[in-house]
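The values are calculated or read from the model by the stated rules, or taken from the named source; none is laboratory data. For clarity, every value in this text was computed on a predicted model and none was experimentally measured. Positions of Cβ are generated from backbone atoms using ideal geometry, with glycine treated the same way; all protein chains shown enter the neighbour counts. Please note that ligands, DNA and RNA were not included when accessible areas were found on the heavy atoms of the full protein model with its side chains. Shrake-Rupley method; radii C 1.70, N 1.55, O 1.52, S 1.80 Å.
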Amino acid sequence: VQLQASGGGLVQAGGSLRLSCAASGRTFNRYTMGWFRQVPGKEREFVAAINWNGGDTYYADSVKGRFTISRDNAKNTVYLQMNSLKPEDTAVYYCAARSPGPNSSFYSRNYPYWGQGTQVTVSS
């Protein structure tokens, strides 16, 4: 599967952005989808994940209550709605895909497919 992330940009603290990740292929609805973020010099960090039908969602503690992950399998797209943005949310955001399995969705190493990243910058 190929992934294309979009929707990043510059926003003031307290503002909102919605990231999109469009996937190619007919098997999108089989994959667990995740969003991760990374700042220079730090490891890639888990943000959120959603199972194949959207029935289960998972969030990092740092974004709970502010970010919402969702998916539209008819459009082969996963979204990350980000509200109440903070300067510490500044990062390159990546979408990723993995097949369901026993391994945790919280770790980037368990995702074989990655998009190219989209920059989110939150000014104070």
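Points worth noting:
- Debye intensity ratio I(q)/I(0), log10, the chain, q values 0.12, 0.16, 0.23 Å⁻¹ (C-alpha model): -0.38, -0.69, -1.42
- Computed lengthening from Tyr113 to Ala60, 0.36 nm per intervening residue step minus Cα-Cα distance: 17.1 nm
- Accessible surface of the chain [probe 1.4 Å, protein heavy atoms]: carbon and sulfur percent: 45 percent
- Net charge of Cβ neighbours under 12 Å - reference Tyr107; Lys, Arg +1; Asp, Glu -1: +1
- Accessible area per residue for the chain, computed on protein heavy atoms with a 1.4 Å probe, is 53 Å².
- Gain upon complete extension [Lys86, Thr27; 0.36 nm per residue less C-alpha separation]: 17.8 nm
- Inter-label distance, nm, simple model (7 Å from Cα along the C-beta direction), Glu45/Ser6: 2.7 nm
- Note that the stretch 4-65 shows a convex hull volume over its alpha carbon atoms of 121 Å³ per residue.
- Partners of Lys86 within straight-line reach, counting lysines whose Cα lies under 22 Å from its Cα and excluding those fewer than 8 residues away in the same chain: Lys42, Lys64.
- Intensity falloff of the stretch 29-98 expressed as log10 I(q)/I(0), Debye formula with alpha-carbon point scatterers, at q = 0.22, 0.25, 0.26 Å⁻¹: -0.94, -1.15, -1.22
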